[in-house]
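To start, the structure under review is shown below, and the notes come after it.
Every number in this text was worked out from the coordinates using simple rules, so none of it is lab data. Computed from a predicted model, the values in this text were never measured in an experiment. Using ideal geometry, Cβ is built from the backbone for each residue, glycine included, and neighbour counts are taken over all protein chains shown.
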C-alpha cells in the first residue's frame, strides 16, 4: 500500500510547520528518502525537523562532504486535553498525563557523492537504518536499492523563489500509515 500527500508551502515557516508535523507523526525509527534539485530545500527540511527536536538548527548543514551527520535532541509530545466538566480535576489529570521527554536521533546522509549502494553501506548505513532514529537520505534515489523497502519518500519541487510543492509518499505499510497521520494533521493545521 502506497499513500501520498501533496502540499504547497509558500515560505520557510510553512516548511518548518511541515517539518514539525513530520517529527510529531513519525514512528520511532524510519528512513526518509529526500529528492529534489540543488537548492530545493532538502537540507532545510532536515534542519526544520532537527529544530523541532530541540537541536540548534545552525548546527544542521548539508553533509555533502562528510557524508553523514548525526544529531540528538529531545522532544516532548503534546497531549490532548481531557474532556471533563470539572476544570480543577481536568487540570490535575492533564498534569499527571504530561509525557516524559524522549530522545530523538537524526541521521542526515548525503548520497550525492557516493558511487553506488555498496559505498553507502560502507558508511555503516545498515547500523543507523536499523537503530531507533530518523534517517534522512538526500539524493536517496542514488542508493534506493540499499534503503529499506518500507520508507518515506519526500520530493521537494521548486515552484517559485520561496514556494515548493512537497510530495510525501509512504512506500510500505508503516510509512503509509505515517503519511495518513501526517495528512490528518496537515489538513487541520
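Peptide packing for 46-53, 112-119, 131-138 was compared via the average number of neighbouring C-beta atoms within 10 Å per residue; ordered from the highest value, the list is 46-53, 131-138, 112-119. Applying 1/(1 + (r/R0)^6) with R0 = 35 Å to the Cβ-Cβ distance of residue 72 and residue 174 gives a FRET efficiency near 0.95.
Computed log10 I(q)/I(0) for segment 1-76 at 0.14 Å⁻¹: -0.48, from the Debye equation with unit scatterers placed on every C-alpha and solvent omitted. Each Cα pair under 8 Å and six or more residues apart adds its sequence gap; the mean of these over the residue count of the chain is a relative contact order of 36 percent. Site pair residue 132 and residue 184 shows an inter-label distance of 2.3 nm when each label is modelled 7 Å from Cα along Cα→Cβ. Look at the alpha carbon pairs under 8 Å that are at least 6 residues apart: their mean separation over the length of segment 1-73 gives a relative contact order of 27 percent.
Residues of segment 1-41 with the amide nitrogen closer than 16 Å to a label point 7 Å from the Cα of residue 162, along Cα-to-Cβ, please. Answer for this model: 8-18, 41.
Where both residues lie in the chain, what percent of DSSP beta bridges are antiparallel, nearest 5? In the chain, approximately 60 percent of DSSP beta bridges are antiparallel ones.
Normalised by 2.2 N^0.38 Å, with N the number of residues, the alpha-carbon radius of gyration of the chain equals 1.08. Stretched out straight at 0.36 nm per residue, the stretch from residue 12 to residue 56 would grow longer than its current Cα-Cα span by 14.2 nm. Measure nothing fancy, just the Cα-based angle from helix 12-25's long axis to the longest principal axis of the chain, in degrees from 0 to 90, nearest 10. Once rounded, one gets 70 degrees.
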